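Q: I'd like to ask you about the structure that follows.
None of the figures in this text is laboratory data; all of them are computed from the coordinates on show. Note that the structure is a prediction, hence the values are computed from the model and not measured. FYI the Cβ positions are ideal-geometry reconstructions off the backbone, even for glycines, and counts take in every protein chain you see.
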Amino acid sequence: MGEGGYIRIQNRSTHKVEMKIQKGRSVDDVGLGSIQGVVEPGTQLPKQGQAKYGGKYEYIEGEVRLRVQKDGYFYLEAHPEDGPPSTLTVKVDRDNWWVEDRTPDKDSKVALCFDVDEIEGTSKIEIRVYDNVDTADWMNVLQDDIQDEPLCQVGLPGTHDSATYAFNKELGASPDSDLTTTIQDKLDKGKLLGKLTDFVLDTVFERMCKCQKMNIQQQLEHGIRYLDLRVAYHAETNAFWTCHGVYCVEVADVLKQVNEFLKKHPKEIVILDFNHFYGTDGRNKELAALIVQSLGGKVADFNNVKPNSRVSEFWEQGFQAVVFFEKRDDVKDEYGGEMWHRGYIRSSWPEANDPKELHGKLKEIVGTQRDENKFFVLQGILTPDGELIKDQIMDSGGVSLKSIADGTNCKVVDWVEDEFQQETNIVIVDFFDNCSILQSIINHNRES
């Protein structure tokens, strides 16, 4: 974390708010005074002229001796002109600034969101104030803002490898990647693998397969409206499973969760992107039938709506699920309307190993591939080097998809806020709940 950090508060809500620091412990007063005061919509604290770092941020430091004891914090409140405040406790220890609870205060008109970026040993702390929107029902809440917009131009928060929050230990490695098999081979000493299998699988899953910690229904209730689904058929169980190095969750369960959510929220629309199939040849009609039977009349028919159809057109016809299907040619005779061709969604993998490379590739993708008449997925994800993961997979301090997301997502929020706002449609990240991407994308629709 270095010796301190730089902090600012941006008011991206439609409400004037008064920022207050109610109390703090083991954090010096340096910088805290200038992030208190009234913040008009579209402005920030510290105010222009007060800010020291790059004309934007105020310096704040944790007292070094006490920071080692992991007991420093400061307690923020954002008071809108009427109604209760939104609150946030920012904590500090030797290595991190963090917030324990990112759930917005339900009764407040505003939501306080927190991101921290580590740059060359210095922390850049971003605290943003957004309009507080019910995430489970946000499309309904914002219907006046989005009903006349083409669905492919609405900001939709999404998750990468959405159904990788759990895995089936009995089924082991899945056919989508040889990395899990390679890791197990590397760890196999000839006699020990039988005893280590559960431990190895648990470790491998947590490190390199798990991309989300919430199940599908929880993701949808938190506001996610795009699901990235990779499918493998498993012969012994005679079932379709989501996969990412291991068999994760049965597709039937994923669809059940989606259907239960949509029944409770009739104006919410979810994109289901079935984009990688493994071992499904000859069974794709079964998969398509499972999807249609599970979601019923909620599946959007391409004969009636298109990506650039207005949101209200989907609502009027009761369509709540748009299904992209990689092997559409296998099923088009029976499910040509319900299974959408992947030519109507742009989703390029940036294949970047570090944030600087990712930023450059995303700028290129946005500049060359955004089509206002098609869905567009911005993949805010890093792809770690396979050899690095293999070497560190059993190291308690080694790299993991979670640690990579912790250092990347905050940057993605900045890029979406400052550079890609006009092009925003679908934005996906790993472990979406560790940053403010959700509130950022949802509120983008209010600003459009």
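Q: Please work out the Cα convex hull volume for segment 5-132 and give it in Å³ per residue.
A: Value for segment 5-132: 91 Å³ per residue.
Q: Tell me, how many Å apart are the Cα centres for segment 39-108 and for segment 139-158?
A: Measuring centre to centre over Cα atoms gives 30 Å.
Q: Just add up the charged neighbours of Val154: K/R +1, D/E -1, any other residue whose Cβ is under 11 Å from the Cβ of Val154.
A: -1
Q: With a sphere of radius 12 Å drawn around the Cβ of Arg283, what net charge do the other residues whose Cβ falls strictly inside it have (Lys, Arg +1; Asp, Glu -1)?
A: Computed value for this residue: -1.
Q: If you don't mind, another one. Taking the Cα centre of segment 138-447 as origin, work out the dipole magnitude from +1 charges on Lys and Arg Cβ and -1 charges on Asp and Glu Cβ, in debye rounded to 20.
A: Around 440 debye, computed over segment 138-447.
Q: In the calculated pair distance distribution of segment 224-276, what percentage of Cα-Cα distances lie above 12 Å?
A: Numbers: 922 of 1378 pairs.
Tail of the P(r) past 12 Å holds 67 percent of the pairs.
Q: Packing-wise, with mean Cβ within 10 Å as the measure, how do 162-172, 360-370 rank, highest first?
A: Ranked by mean Cβ neighbours within 10 Å, highest first: 162-172, 360-370.
Q: What is segment 106-178's relative contact order, in percent, from Cα pairs under 8 angstrom and six or more apart in sequence?
A: 20 percent
Q: Taking a ≥ b ≥ c as the square roots of the eigenvalues of the Cα gyration tensor of the chain, is the shape rounded (a/c under 1.5), prolate (a/b larger than b/c) or oblate?
A: oblate
Q: A follow-up question, please. Principal axis lengths of segment 86-163 from Cα atoms, whole Å, largest first?
A: If we take the Cα atoms of segment 86-163, the spans are 49, 31, 24 Å.
Q: Show the residues, 5+ positions off or on another chain, whose built amide H is closer than 5 Å to the amide H of Val427.
A: The list, which skips near neighbours in sequence, is Leu156, Gly158, Leu378.
Q: Within 13 Å, Cβ to Cβ, of Val254, how many net charges do the neighbouring residues add up to if Lys/Arg are +1 and Asp/Glu are -1?
A: Within the 13 Å Cβ shell, the charges total -4.
Q: Picking from Trp98, Phe74, Gln36, whose Cα lies most toward the positive end of the charge dipole for segment 5-132 (charges on Cβ: Lys, Arg +1; Asp, Glu -1)?
A: Towards the positive end, the residue furthest out is Gln36.
Q: For Cα pairs less than 8 Å apart in space and 6+ apart in sequence, what is the mean separation divided by the residue count of the chain, i.e. the relative contact order in percent?
A: 15 percent
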